[in-house]
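Have a look at the structure below, then the notes.
The values are calculated or read from the model by the stated rules, or taken from the named source; none is laboratory data. Nothing here was measured: the structure is a model prediction, and the numbers come from that model. Methodologically, a virtual Cβ is constructed for each residue, glycine included, from the backbone with ideal geometry; neighbour enumeration extends over all protein chains shown. Accessible surface areas use protein heavy atoms only, side chains included; no ligands, DNA or RNA. Shrake-Rupley method; radii C 1.70, N 1.55, O 1.52, S 1.80 Å.
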Amino acid sequence: MSELIFIEDLPGGRHRPGPDERRQVDCRAAARSVPEVGRGKRFLIKTYGCQMNEHDSEIMAGMLREMGYRPAGSVDEADLILFNTCAVRENAEDKVFGEIGRLKPLKRRHPELLLGLCGCMAQEEKVRHFVRDTFPYVDLVFGTHNLHLLPELVVQAMASQETVFAVWDRPGQVVENLPKLRKEGVKAWVNIQYGCNKYCTYCIVPFTRGRERSRLPEDVVAEVEQLAAEGFKEVTLLGQNVNDYGLDLGTVDFADLLRRVAKVGGIQRVRFTTSNPWNFTDKLIDAVASEEAICEHVHLPVQSGNNRILKRMNRGYTREAYLELVERIRAKIPGVSLTTDIIVGFPGESEEDFQDTLDLVREVKFDNAFTFLYSRRPGTAAARMKDETPPEEKKDRLRRLNELQAAISREYHEKLVGKAVEVLVEGESKTNPDVLAGRTRTNRLVLFRGPRTLIGRLTPVRIVEAQTWLLWGEPVSLMREVSG
Ligand code: SAH
Ligand code: F3S
């Protein structure tokens, strides 16, 4: 087993980038420089975590395609298996370790099978050491800043008996011309910004994804134009903290970028995630309100309804400021849907503090909420805070919060019964090929029976049945009234 090999030790003499260095690397060219190694071979990527990771997996799949690899249907068929991991919560990490452990017999039977671990877990030193000591049969480990080196790392791993590690501790490049293997032809994710500077005290993302870097607006627009030319109808602009887009460029802000993307012909819907409440400007609200293509849906993580906890989380806003922002958004964007993230059981959260969260959820009436039990992440500021609430109590709080949110979500859905909504049809439903699935502008999932020719089209659908997390509908030929 080798020591960690940092990137400057890799062939090609690359160096770890300096903090102010802003270079662009052409990844397609890198992948094409080693085209033969994947010929006749198959790859499988297992993805955990957020949309950013899903999109990184598309990029890696694209590079592997350029190298001649084809996708594998199962673990047994694969010559290369990559775990693109999430470090946000501990249980996601445990799942990955369990899966890698279960692959040991397969790796013993097929020693030429390459196993790789990448994504946010690879950025954690503790994880790298654990992999080195516990899973020596893992062939390559690379971080979130090294995605574009995948082709040369694969070649290295094929030649090496030892685990190849390549993890930059900080980013330096905005990488362009990444080949991507996108899953379907209707909607696509587009990175606009990497990293996060906010250092919420519970969150590991600033450590695993580095400081905020924005892509140039012309590169983002060019990618969206390319997607439109390929027939994509919807794009979601991705960043950990999209409101900060452009701060590092100094010439453009997120509202400007949104307007430019919204004007790309052929793109019918534009979404974005995630916005931090603390710098959601009126200019941004106006952009969402006035550009037809921008969907009236804002994901606005609140995390807690209690000011003391918000402060301990280092969120940078108060409950009052959040509620005032919600009011401003609702006043200017009619029919807007609001979703949120909430953490339950943050260190020091009392039952009273939690009641403030329930109270805020009742007051705002979110369309939906992603709720999480606090998970201690070593190295973060919150990991050093006293956490005395028993796990059972935290679970009970989560249960109560989920019950409340489910009732609110269901109420919204029930109000839609009998109404016609505009659905972008994405494909067949996951569970039944006779049923089509799509989403409203407000991101509600709608299932209905209809011809496959509707896939990729905006279609009016009348809602006939409401469930808590989805709607059932039937196509209508003439849309008289369209809502949420
Ligand atoms: N800016 C990103 C944050 C990524 S993490 C975004 O908003 O998409 C996504 C969510 O996971 C956060 O909003 C938070 O609610 C939750 N989360 C992050 N760290 C967590 C932790 N240590 N324990 C529990 N939930 C956490
Ligand atoms: Fe994490 Fe807070 Fe950034 S939740 S990703 S540190 S905005």
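Restricted to helices (runs of 4 or more DSSP H) entirely inside segment 190-285, those with at least 3 residues that are within 11 Å of ligand 2 (Cβ to nearest atom) are 205-209. Among residues of segment 358-384 that are under 13 Å from LEU401 (Cβ atoms), those with a beta-carbon under 8 Å from a residue that is within 12 Å of ligand 2 (Cβ to nearest atom) and assigned to a helix (DSSP H, G or I) at least six positions away or on a different chain give the pairs TYR374/ALA382. So, of the residues in segment 247-288 that are touching a helix residue (DSSP H, G or I) at 6+ places or on another chain (Cβ under 6 Å), within 18 Å of LEU216 (Cβ to Cβ) and of a type outside the set (A, V, I, L, M, F, W, C), which turns out to be most open to solvent (accessible area, probe 1.4 Å)? The selected residue is ARG260. Within segment 437-459, the set of residues being open to solvent by 20 Å² or more (accessible area, probe 1.4 Å) and among the polar types (S, T, N, Q) comprises ASN443, THR453. Within segment 334-349, does at least one residue satisfy the condition of being outside any loop (DSSP other than H, G, I, E, B) and open to solvent by 40 Å² or more (accessible area, probe 1.4 Å)? No, segment 334-349 contains no residue that is outside any loop (DSSP other than H, G, I, E, B) and open to solvent by 40 Å² or more (accessible area, probe 1.4 Å). Among the residues of segment 289-309 satisfying the criterion of being open to solvent by less than 10 Å² (accessible area, probe 1.4 Å) and out of contact with any helix residue (DSSP H, G or I) (no Cβ under 7 Å at 6 or more places or on another chain), which is farthest from ligand 2 (Cβ to nearest atom)? Among those that are open to solvent by less than 10 Å² (accessible area, probe 1.4 Å) and out of contact with any helix residue (DSSP H, G or I) (no Cβ under 7 Å at 6 or more places or on another chain), it is CYS295.
No other residue among GLU234, GLU212 is within 13 Å of VAL264 (Cα to Cα), in the same structural domain as VAL288 (by TED's automatic domain parsing) and touching a residue at least 12 places away in the same chain (Cβ under 8 Å) apart from GLU234.
Among the residues of segment 341-385, those identified as among the basic types (Lys, Arg), within 16 Å of ligand 1 (Cβ to nearest atom) and either farther than 19 Å from ALA87 by Cα or under 23 Å from the mean Cα position of the chain (by Cα) (or both) are ARG376, ARG377.
Among the residues making up segment 39-60, those that are assigned to a helix (DSSP H, G or I) and more than 8 Å from the chain's Cα centre (by Cα) are ASP56, SER57, GLU58, ILE59, MET60. Summed over segment 413-436, the residues that are open to solvent by less than 60 Å² (accessible area, probe 1.4 Å) and either in a helix (DSSP H, G or I) or small (Gly, Ala, Ser) (or both) give a count of 5. Mind checking which residues of segment 310-323 are surrounded by fewer than 19 Cβ atoms within 10 Å (Cβ to Cβ), in contact (Cβ under 8 Å) with a residue 24 or more places away in the chain and away from ligand 2 (no atom under 16 Å from the Cβ)? Answer for segment 310-323, where residues must be surrounded by fewer than 19 Cβ atoms within 10 Å (Cβ to Cβ), in contact (Cβ under 8 Å) with a residue 24 or more places away in the chain and away from ligand 2 (no atom under 16 Å from the Cβ): just LEU323. On the given criteria, is CYS203 within 15 Å of ligand 1 (Cβ to nearest atom), in contact with an Asp or Glu (Cβ under 8 Å, 6 or more places away or on another chain), at pLDDT 90 or above and of a type in the set (A, V, I, L, M, F, W, C)? No: the conditions fail for CYS203.
For segment 437-472, filtering for residues that are under 23 Å from GLN405 (Cβ atoms) and assigned to a strand (DSSP E or B) leaves 10.
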